[in-house]
Amino acid sequence: MTNFNIQRFGSVLRWSAQMTKKEILTNAAAMFFAMCIPFVVAVLGCRGEAWHVVAENLNSAVATDLGIYIIVSMIGGCWIFNNMKTKEQRITFKMLPATDAEKFAVRVLYVTLVWWLMGIVAFCAADVFRMLVSLIVGTDVVRSTIPDFLSMLFGTDGDNRVVINDGRFGNVLPFIVTLYAWVFWVHSLYILGGAFFRRRQFVLTTVAHFVLMLVFTPLIIDIVDGFDRDTVEFWATTWAWTVAAVLFALGVLDWWLSYKIFRRMQVVNNKWVNL
């Protein structure tokens, strides 16, 4: 059996979509509810106000929803092996007529592309719900906030161009890339946690992430404080690109380790970790 066959991968993908459709609907509904809350608060908080006040409140609500979307996108990695909770589920998935690489790729696709699309669809539905609530309570609808959400997400301006230079801070592209490299690394860490821990993957991985922050944040602060302000500002761009590269490399390492752990998973065991 070859290590990766596109036809077998497609068969496993269709099987996985059929088996996880209820979970997808449940998680999408939870995302929709979470994103509706900032919209409802914004709409009810500006009843009787002028349209520009409503627009300002909506802009804050969109920023909050973007934060929710990024958090959901990062922690979604913990659901990578949510289909292997029980002995029966492990037997079903591990015994599928496909290679480990194909099965792992299907699950990675689920916790990345599918989760990201679920979040965007949930936001679009929440925006439609917000407009309906605005009509009911008599608040100015203003417009759809979907373009604003996508603009914030991809860092583009009104002409769909990526924002590279900022009038106050200069070249911001390295820092935007560093931010998304951090998001990529956190997501990969949750994938690793989802593979390593058998139960309570989200809680244990989150605790591990906070422990890493508590350990490395003081160290980073001490290193930065060892340089004067002019030196920090001069080397800021270089450091940003370096940090982004390191975070990306760590993310790739987490994915590789997750695959190695998945390959070693046994059908019948009940250990605390998957090793």
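The values are calculated or read from the model by the stated rules, or taken from the named source; none is laboratory data. No experiment lies behind these values; they were computed from the predicted model shown. Cβ sites come from the backbone with ideal geometry, for glycine too, and all protein chains shown count toward neighbours. To get the accessible areas, we keep the full protein, side chains included, count just its heavy atoms, and leave off ligands, DNA and RNA. Shrake-Rupley method; radii C 1.70, N 1.55, O 1.52, S 1.80 Å.
Quick look at the numbers
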| item | result |
| --- | --- |
| Per-residue HN-Hα couplings for the range 115-127 [Karplus 6.51, -1.76, 1.60; θ = phi - 60°; Hz; x = Gly/Pro] | 5, 5, 5, 4, x, 5, 5, 5, 5, 4, 5, 5, 5 |
| Electrostatic dipole magnitude of the chain [Cβ: Lys, Arg +1; Asp, Glu -1; Cα centre; debye, to 20] | 1960 debye |
| Contact order normalised by residue count of the chain, Cα under 8 Å, 6+ apart, percent | 25 percent |
| Inter-label distance for Thr217 and Phe202, nm, one decimal - labels placed 7 Å from Cα along Cα-to-Cβ | 2.2 nm |
| Formal net charge of residues neighbouring Ala55 (Cβ-Cβ distance under 12 Å; K, R +1; D, E -1) | -3 |
| Degrees separating the helix 173-196 axis from the principal Cα axis of the chain, which is the longest one | 30 degrees |
| For the chain, calculated [θ]222 nm from helices alone, where every DSSP H run of n ≥ 4 adds -39500 (n - 2.57) | -25500 deg cm²/dmol |
| Dimensionless Rg ratio for the range 1-104, taking C-alpha atoms and the 2.2 N^0.38 Å reference | 1.61 |
| Two-decimal Rg to Rh for the chain - Kirkwood Rh, Cα set | 1.03 |
| Alpha carbon centroid spacing (whole Å) that separates the range 114-131 from the range 1-64 | 4 Å |
| Charge dipole (the chain, unit charges on Cβ, about Cα centre) - positive-most of Trp51, Met19, Met31 | Met19 |
| Accessible surface, the chain, averaged per residue in Å² (probe 1.4 Å) | 58 Å² |
| Environment charge at Thr92 (Cβ cut-off 12 Å; Lys +1, Arg +1, Asp -1, Glu -1) | +4 |
